[in-house]
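What follows is a set of notes on a single structure, which appears directly below.
Nothing in this text is a laboratory measurement; each read-out follows from the coordinates by a stated rule. Just so it is clear, the model here is predicted, and its values are computed rather than measured. Here Cβ is always computed from backbone atoms with ideal geometry, including for glycine, and neighbour counts include all displayed protein chains.
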Amino acid sequence: MSTPEVEIVHREEFAAAHRLHNPALSDDENRRIYGICNNERGHGHNYVVDVVVRGPVDPRTGMVMNLVDLAGFVREEIVQPCDHKHLNHDVAFLEGRITTAENLAVAFWERVEPRIAEIGTCRLHRIRVYESRTNFVDYLGPRP
Ligand SMILES: [Zn+2]
């Protein structure tokens, strides 16, 4: 019997401010594209991030990876740098990116993926970022 592969999920939440604004565009264009999300002084969200790891269930431990380790990676790489910050100004790894949920998901992937890869037996499968209860994005990593 082959070892079954399972996805495990760790969820974290953080609160942050941001402003959707592309400095390469005119103020008028920014207002047209982003609407109220272009508000000059920003606005806030309670973000929810799901980090999904996939791999075989280790027959010795019964686990894909230790969820305590996964929680630690997510807190160190995502929550601590972003919680109660202005994402446009306070978070070095978001510098130069428009702080949409799409771009957050990609940036979070880049931070968490090396930590998971280091384990060697499982892989990061998905980053899901909820900006609100009804709007979320999924990133499955760079295309092979
Ligand atoms: Zn927003």
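Before moving on, here are some points about what is shown:
- Cα shape, region 28-89, gyration tensor, a/c 1.5 rule: prolate
- Residue order, fewest to most beta carbons within 10 Å, for Arg111, Arg19: Arg111, Arg19
- Among Ser132, Thr100, Tyr47 - extreme Cα towards positive end, dipole of region 5-139, charges at beta-carbon: Ser132
- Inter-part distance where region 48-90 and region 1-40 are each reduced to a Cα centre, Å: 18 Å
- Highest average packing first - 57-68, 98-109, Cβ atoms within 10 Å: 98-109, 57-68
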